[in-house]
Each structure stands twice: as C-alpha cells, then as structure tokens.
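Read through the structure below, which is laid out as structure tokens, and then see the notes.
What follows is calculated from the coordinates using simple rules that are stated; it is not laboratory data. Computed from a predicted model, the values in this text were never measured in an experiment. Note: ideal-geometry Cβ built from the backbone for every residue, glycine included; neighbour counts use all protein chains shown.
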Amino acid sequence: MSDSKVSFDQVFKPLAKHPFLSVTGMCLLLFFFGFCESSSFTRFSYLYAGAVMLAVYVLLVAFSGICKSVKQAVVVIVTVMTLTAGGLFLMRSYHNSPVILLWLSLILLAALCEVLWLTGSLNERSFIMVMIAAGVMLRLTYDLYSSYTVRQHDVGYFNWTWGHANYIEYWYKNGLKLPDFDVRTIWQYYHPPLHHWIMALLLKILTACGMEYMKAGEALQIIPLIYSSLIPVVCFRIFRFVKLKGMPMVISMAILCFHPFFVLMGGFYNNDPLCVLFMLLSVMFALKWYREPTLKRIIPVALCVGLGMMSKLSGWMVAPAIAVLFLYVFIKNIKSWLKYIGQFALFGAICAPLGLWWQVRNLIAFKVPLTYVPFLNPEDPQYSGNMPLAKRLFDFGNGQLSFVYDAYTDPNFGAPFNEYNPTIGLLKTAVFGEGQSAISDIHYPQIAKTGPILFWICVALAVLCFISFIVMMIRKDSGLDGVTRIFFAVLAVTMLGSYYLFCFKFPFTCTMNVRYCVPLIPIFVMGLGLLLQRFTPQTRFGRILHPVTYGLTAAFAVMTCVLFSQVGIPVA
C-alpha cells in the first residue's frame, strides 16, 4: 500500500506543484481533438482522443500498483480501452455529439477515483485535481457543441462591422496599429485591447499554419476555455490562504469546478474571462503580499491589477480592497514608512500606465471620457428606468420566479416579461446566461424539468453562501484576522455596490448580469467553506449544515452536467 502511495505521488506531485501549467496543458492537449468545434471531428480526431485517454490510463495502471501481475494490468487496460473505444464509436455514430465525450470522461475519472481509493491515494489534493479535470471536460464539451455565435455578449460575427469579433479582426489585420478614429464610432471598440490582442495573435498563428479563416475563428474558443479552467486553480490558492482544508475545501472547489456560469464563460469571446482571471489573481497576490510585504511581492499585484484593467476597465474593482491591505501594513510599520512609500510608488508606476493608457490615449485624441460606456436607447423594450426604484429592488412577485430563465420579450427569445429586478437577474444569469444569449426551455424544451431543478438548487446554495460569508466576516472565530475580513468585505461591497449602481444607471435587462461581478461567486463560496470549517460535524449546527451542504453540492454538480448535456443534444 505504501508503495502505491509513493508511486501515485510521483504522478500527482508534479501536477499539483504546477497547477497552472497542468490545466493549461490539458486544455491545449484537448484543443487538438476538435479545435473547439464538433463539426471539425474527423477519424483522426477520434484516434487522437482514444490514444490520449489510453496513454493516461496505461501510465496510471503502471504507477498505481493496483495490478499485481502483467495479466491483471492487461485486463484493466483492455477493459478501459474497450470502454473508451465504445464511447467514441457511439459519439461518432450519434452526430459527433460531444456530450458522449463528457460522460465517457466522467466515467473514466470516476474509475480513476476508485483506483486512487483502492491504493490509499485518494485524498483532498488528488480528488480536487480530478474535479478540476472534470470541470475542464465540462467546459470543453460546451465549447465543442457551441459556436462562437451563440450565448455571447456583443460579439457579433467575423467579417461584420461591429462587436468583439470585429474588434479582434481589426487587430488581426492591423497588427498593433492603434485606431486613428474615435473608438465610440464602432460598437465595442472602446474596450482596452489586451484580450483582443491575444485572440488576434492566435488567429494569426492558426491561419499562418494553413487553417481556414472561419474555422480558425471558431478555434479561438480555446483561449476563454483556458481562462475559465484556470479560475478554480486561482481560487484554490486563495482558499488555501484562508486555511480551508478537508471537506470544506472540497465542497468549495466542487461548486467552482461545476458552476454553470464558469461553463458559459469558457466560451465567451468578449473580455470578461480574462478580466475576471486577473482580478482573482490580484486578490491572490495581494494576500501573499499582505503575509510578506516585500518589494518583490508587490510587483505581481501591480501587474495583475494593471493587466486586468487593460482587459476591461472594471478590473479596478479590486483596488479598494487592496488599498485596505496597503493602508494597514503602512500604519503597522509606520517607522519604516519610506520603505512602503517606495513600494506603493512602484505599484502605481506599473499599474497606472498598464491600466489607463488606453483610456488616456482616447481622451487626449478623441475626447472619449475615461469611464465611457455606450449609451442605450430608453426606447428599447428592455428599458426599466420608468419603474419605481422600490419595485425594482424589492418586488419578487409578478411571476418573476415562475419563469426561472432570464426574461427578455424580444421575438427571438419570447419570454413573458422583461427582467427588471437586479437581484433576480443576478441569480438567473449565474445559471443560464442573459437575455437573448440565455439558455431557456423556450429554445431548449428538453430542459423544461431539469432547468427549474438546477435553478432552485443554485438559489439555495447562493443564499447559503451569501449568509455564510456575512456571518464569517463578522465572527472573530472565522479563522481570519480582522484585516483579512475587512479586505474581503470591502471587495464584496465594492463589487455588489458597483453592480447595483450600474443596473440603476443603465436600467436595461442586459445590464442585470452576473458577468459584471463574477468574483462574488468564489468570494461567497469561500464564506460557505469557512462556515463548514467553523461548525464541524461534531457541533449541533454542523450536524445539520454538513449533510445538507454535501447533498446540495452533489445535486448541483450532477444537475449542471445533466443540463449542459441536454443543451448539447439537439431535439427535433
């Protein structure tokens, strides 16, 4: 048994030591399977997928020590190979459905967990790695059956004259040549260009390698797939800082790995995924700096905040919370004030140019306001600014929760009303997306039963996470010191406050979207983990809290996989 543990450690320790590289490598390895589009599947695609899966299992069998003889190893490998081949053949026969790939992967990952358990190697670390892999497969499956033209936000199409796709094309055709026109004249060109530069660079590489232009445009989904898949890895590092471990850590990570919005985000062509990734990296590095406030550690904080704002200006929202840490460390070490003034000056010298050069350039050249957001027409049917503020905030009736999907009366969507309550919009879009881009049983009648089930599970978890976060930020026995609690509280208030102010300043259905405050999801999930850790199963409250949370989380993960599987299977 001990030999098995040592052998498995030889496999898992290097992967766990370099999680960012491991997850990115997994995404790139899978990328060549179908270039993120099921219509690209060929016979070679299936041979490639089968070879990769078989190679992984041969290595696992070799290292696990579970097989005591060559004969047993051959039986296990042949069984896995038969299961893999059968699944891929079924997938090929059923219109190249990526959904079969998802469930085949989940079965093989479940078998891996059993091998880990039998060899005594199934622990918190290895189980979380398996969940992250399952999350990657869920995101990949979604990308494979979802074209870049569906469930997007202001993306448009390649070869169009507006939208994020056209903005990517501008940089593809013009290199780093800055626009010589007012960026307000073309929809979405006002955004900082970092994300679009990266997408344009990959588009250039793929077409230079001979890939057809539109197919290369579809293959760009690998970029948001990587961003979305890395988010749980960053959150794991943040959770480790607050000393989550055991089942509280596993539960917190399970919610993030299988969260529906992160699946949707894995296919976004806009700049939201990169901005969210940098915001969470900013939090991670800021906490590291707080633990050891050195000049070397403040540089990645500045880079991540600056690059987050260079992806999307809303990356600024992490700044007030980081300022709390800066202020506390400065006051605590007031005798060394010059040392920290120097650090903060370096922070500003890195962060400000990166985060604001685009806005300042457009202000000087074309008088574009620094915080410019395109104006929406109040004549638009989705406008809700004529409603009383109290109704928008506190009205939860009028059938708003009978239709669990984001409501939009546009003829292409056909919902019974337009969403107007920002709180309800937050809950709905976190599960199904927004407006015309949302998943609903109007377009997918096959989810008529599963959609509401997943929604109410998500609502229960969201309420539990929100309350847990508030309780843990107030209690001194949360396991966090006062400064860290203030840091997370300021972060949450900034994002939630910014979201509601945005919804009131621009009172349209399309603004009531969780994508404007995505980091709230892992922050509140962390609160649930802290509550589970504080009230163990041995306490009176913990005896109720733990089984309820475990049940909700398991149902949440399963129903997310079921719903996205149903969406991926066309129904006549």
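Is there a quick way to get the dipole size of the range 163-220? I mean about its Cα centre, with the Cβ of Lys and Arg at +1 and of Asp and Glu at -1; what is the value in debye to the nearest 20?
Details: 5 positive and 5 negative charges, 17 e Å.
The dipole of the range 163-220 has a size of about 80 debye.
Tell me which label goes with the value of Rg/Rh (Cα atoms, Kirkwood Rh) computed from the coordinates here: (1) 0.96; (2) 1.02; (3) 1.12.
(1)
Can you run phi through the Karplus equation (6.51, -1.76, 1.60; θ = phi - 60°) for the range 286-300 and list ³J(HN,Hα) in whole Hz, with x for Gly and Pro?
5, 5, 5, 5, 4, 5, 9, x, 10, 4, 4, 7, 7, 5, x
Quick query: amide H of Val155 versus all other amide H atoms, modeled in the peptide plane; which residues come in under 5 Å with a sequence gap of 5 or more or a different chain?
Answer set, sorted by chain and number: His164.
Give the long-range amide H neighbours of Phe508: residues separated by 5 or more places, or on another chain, with amide H under 5 Å away, using H modelled in the peptide plane at 1.01 Å from N.
Counting only residues 5 or more places away or on other chains, the set is Ser384.
Normalising by the residue count of the chain, find the relative contact order in percent from Cα pairs under 8 Å and 6+ residues apart.
About 14 percent, as a whole number.
Among 146-157, 330-341, 244-255, how do they line up by average Cβ neighbours within 10 Å per residue, starting with the highest?
The packing order, highest mean first, is 244-255, 146-157, 330-341.
As I understand it, the dipole of the chain uses +1 on the Cβ of Lys and Arg and -1 on the Cβ of Asp and Glu, about the Cα centre. Which of Ser440, Trp171, Trp316 lies farthest toward its positive end?
Trp316
Which aspartates and glutamates have a Cα lying under 12 Å from the Cα of Lys449, excluding residues fewer than 8 positions away in the same chain?
Qualifying aspartates and glutamates at Cα under 12 Å: Asp441.
Using the Kirkwood formula over every pair of different C-alpha atoms, what hydrodynamic radius in Å results for the range 163-220?
After inverting the pairwise mean of 1/r, the radius is 11.7 Å.
Report, in debye and to the nearest 20, how large the dipole of the range 102-240 comes out about its Cα centre when Lys and Arg carry +1 and Asp and Glu carry -1 on their Cβ.
240
How about Lys296: which lysines have a C-alpha closer than 30 Å to its C-alpha, ignoring those fewer than 8 places off in the same chain?
Partners within reach: Lys13, Lys17, Lys243, Lys245, Lys288, Lys312, Lys332, Lys335, Lys339.
Arranged from highest to lowest average of other beta-carbon atoms within 10 Å per residue, in what order do the peptides 363-372, 306-315, 493-502 appear?
306-315, 493-502, 363-372
Which ³J(HN,Hα) values, rounded to whole Hz and listed in residue order, are derived for the range 124-135 from phi using the Karplus coefficients 6.51, -1.76 and 1.60 in 6.51 cos²θ - 1.76 cosθ + 1.60 with θ = phi - 60°, glycine and proline given as x?
4, 5, 5, 5, 5, 4, 5, 5, 4, 4, 5, x
Leaving out same-chain residues fewer than 8 places away, which lysines sit with a Cα under 19 Å from that of Lys204?
Lys173, Lys177, Lys215
So what are the ³J(HN,Hα) numbers for the range 493-500, from phi and the Karplus equation (6.51, -1.76, 1.60; θ = phi - 60°), rounded to whole Hz, Gly and Pro as x?
Coupling constants for the range 493-500: 5, 4, 6, 5, x, 4, 4, 5 Hz.
With +1 on each Lys and Arg Cβ and -1 on each Asp and Glu Cβ, how big is the dipole of the chain about its Cα centre, in debye rounded to the nearest 20? Please list the in-between numbers first.
Values: 41 positive and 24 negative charges, 405 e Å.
The dipole of the chain has a size of about 1940 debye.
Lys/Arg Cβ at +1, Asp/Glu Cβ at -1, dipole of the chain taken about the Cα centre: which of Pro293, Ala133, Gly217 is farthest positive-ward?
Pro293
Lys/Arg Cβ at +1, Asp/Glu Cβ at -1, dipole of the chain taken about the Cα centre: which of Trp456, Ala55, Leu531 is farthest positive-ward?
Farthest towards the positive pole: Leu531.
Quote the FRET efficiency, to the nearest 0.05, computed for Leu376 versus Ile453 with a Förster distance R0 of 35 Å and r equal to the Cβ-Cβ distance.
Result of the calculation: an efficiency of 0.55.
For a quick protection proxy, order the peptides 464-475, 269-280 by their average other-Cβ count within 10 Å, most packed first.
269-280, 464-475
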